[in-house]
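This report refers to the structure that appears directly beneath it.
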Amino acid sequence: MSSPRVLILMGSESDFDAVSACCQVLGELGIPHAARVASAHRTPARVEKLVREAEAAGAGVFICAAGLAAHLAGVVAAQTVRPVIGVPLDLAPLHGVDALYSMVQMPPGIPVACMGIGKAGARNAAWLAAAILALSDPALAARLRSFRDGFLAAVEAMDRRVQDRLSGATPS
Ligand code: RP5
């Protein structure tokens with residue numbers, strides 16, 4: 001198997017569903033990736049080791065998914081100059097706003113590219129990672145372009161269905 005070009009870290013097994021959505025997009029794009037559990041506060045040395053090993057193996061982008069006071073992305077960004085994308089996860093009682101603020105409000109110098117909260121953000125993390133890697137990978141850039149063309153076809157199909165529904169609509 002090829003070395004991961006994207007390492008996804010999640011703070012807990014509780015984050016699996018969002019990370020799985022991220023992995024699905026990376027898989028569809030043909031980007032080798034790995035997803036590991038490592039907690040910034042419970043296992044800081046493990047986080048550091050996984051980042052160091054992934055860098056040495058050629059990972060170009062890190063994605064960090066975590067909830068609550070989600071410092072995982074910032075901690076990873078402190079250890080690498082490669083791009084770090086944070087995905088804040090939606091746990092009670094603040095429904096991900098706590099994690100969002102933890103990631104998006106990084107002090108200057110150690111940035112984290114923060115996505116939206118939850119699964120949609122997790123999917124976008126994969127799309128953004130792909131765009132970053134595509135800067136130096138023309139074949140990946142072509143695959144990304146072809147996915148965008150697919151979006152156009154999907155939106156046009158939705159529009160046709162909406163027009164059909166509207167033309168059959170009866171006033172209430
Ligand atoms: C964070 O705390 C994890 O990323 C997870 O989203 C949240 C809760 O973790 P568990 O208590 O369920 O392990 O570190």
ask   = What are the pairs, 6+ residues apart or on separate chains, where a residue within segment 5-24 that is within 17 Å of Val47 (Cβ to Cβ) has its Cβ under 6 Å from a residue that is within 14 Å of the ligand (Cβ to nearest atom) and of a type outside the set (A, V, I, L, M, F, W, C)?
value = Leu9/Arg36; Gly11/Ser39
remark   = Out of (1) free of Cβ contacts under 8 Å to residues at least 24 places away in the same chain; (2) more than 16 Å from the chain's Cα centre (by Cα); (3) away from the ligand (no atom under 12 Å from the Cβ), the one Ala92 does not meet is (3)
message = Suppose the filter is surrounded by 13 or more Cβ atoms within 10 Å (Cβ to Cβ), farther than 23 Å from Leu50 by Cα and in contact (Cβ under 8 Å) with a residue 40 or more places away in the chain; does Gly118 pass it?
response = yes
note = In segment 91-115, anything in a loop (DSSP other than H, G, I, E, B) and surrounded by 18 or more Cβ atoms within 10 Å (Cβ to Cβ) is listed as Leu91, Gly96, Met106, Val112, Met115
note = Log entry, pairs with first residue in segment 35-46 being touching a residue at least 12 places away in the same chain (Cβ under 8 Å), second being within 12 Å of the ligand (Cβ to nearest atom) and acidic (Asp, Glu), beta carbons closer than 7 Å, six or more apart or on different chains, reads Val37/Glu13
key: Hey, Val162 assigned to a loop (DSSP other than H, G, I, E, B) and without any contact (Cβ under 8 Å) to a residue 40 or more places away in the chain or not   = no
query = Would a scan of segment 31-53 turn up a residue that is closer than 16 Å to Ala122 by Cα and buried (at least 24 other Cβ atoms within 10 Å of the Cβ)?
reply = no
query = Can you name the residue in segment 1-59 that is more than 16 Å from the ligand (Cβ to nearest atom) and part of a strand (DSSP E or B) and, of all such residues, is farthest from Ser136 (Cα to Cα)?
reply = Ala34
query = Just checking, how many residues over segment 60-86 are more than 10 Å from the ligand (Cβ to nearest atom) and touching a Gly at 6+ places or on another chain (Cβ under 7 Å)?
reply = 2
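None of the figures in this text is laboratory data; all of them are computed from the coordinates on show. This structure is a prediction, so every number in the text was calculated from the model and none was measured. When we count neighbours, we look across all protein chains shown, and the Cβ atoms used for this are built from the backbone with ideal geometry, even at glycine.
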